[in-house]
Amino acid sequence: MSEDFVQPIISGRKGSTEAFYKKYASRIFRYINRRASVEDAKEILNDTFLDAIDNIYSLKNNRAVEPFLYKIARSRIADFYRKKKLKLLLLKLPFLEAFSREIDRPDFLYEKNILRSGIERTFHRISKRYRTILELRYEQDISVKEISKILHLTFKATESLLFRARKNFKSNYENGGIVG
């Protein structure tokens, strides 16, 4: 019979959260570590347990604790890679390379959030056609050749459109993408 962690954690019983962590952390860590580096797995594990404790009240019975943790871990792994892909996307854009050295500094968090909101605002201000080609190329990582087929354009026309879209994005961004 498995231990009851749900009610003690909900009621705030001293030591229950620590016991919960000790019981499941190593298994969940191994699961995460198969999908991420050790350093990233540690971060994802912490996020997983924080989410689990925040949402443990939703568990109906104690037998569902482990599947509950694996489900959260899967979600946190996906979030981690989505964020990582966004960061890579931002750093791929030629006009944002200057930010690449700064983006990981802890004191840069505020600026990173301003940068992100400026990018999002700019992205929504450019034309739908430019938005579409930038999404295809940088978010979905589709080759220019494939984009040309999707958009029913020649390869050269697609390259040209992509160039104009980047140039338009850069211009819009520099002329008001950042509020500060």
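So here's what we get for this one:
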read-out	value
Residue selected from region 49-69 under the condition acidic (Asp, Glu) and in contact with a helix residue (DSSP H, G or I) (Cβ under 7 Å, 6 or more places away or on another chain), by the criterion surrounded by the most Cβ atoms within 10 Å (Cβ to Cβ)	ASP51
Residue within region 108-128 that is aromatic (Phe, Trp, Tyr), surrounded by 11 or more Cβ atoms within 10 Å (Cβ to Cβ), at pLDDT 65 or above and assigned by TED's automatic domain parsing to the domain that holds SER160 present	yes
Selection status of GLU97, at pLDDT below 85 and either part of a helix (DSSP H, G or I) or not assigned by TED's automatic domain parsing to the domain that holds LYS170 (or both)	yes
Considering residues of region 1-37 that are more than 19 Å from ALA78 (Cβ to Cβ) and among the β-branched types (Val, Ile, Thr) only, the residue surrounded by the most Cβ atoms within 10 Å (Cβ to Cβ)	VAL6
Identity of the residue in region 1-31, touching an Asp or Glu at 6+ places or on another chain (Cβ under 8 Å) and in contact (Cβ under 8 Å) with a residue 24 or more places away in the chain, that ends up farthest from PHE80 (Cα to Cα)	TYR24
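The values are calculated or read from the model by the stated rules, or taken from the named source; none is laboratory data. Quick caveat, the model's predicted, so the values are computed rather than measured. Positions of Cβ are backbone-derived with ideal geometry, glycine not excepted, and every protein chain shown enters the neighbour counts.
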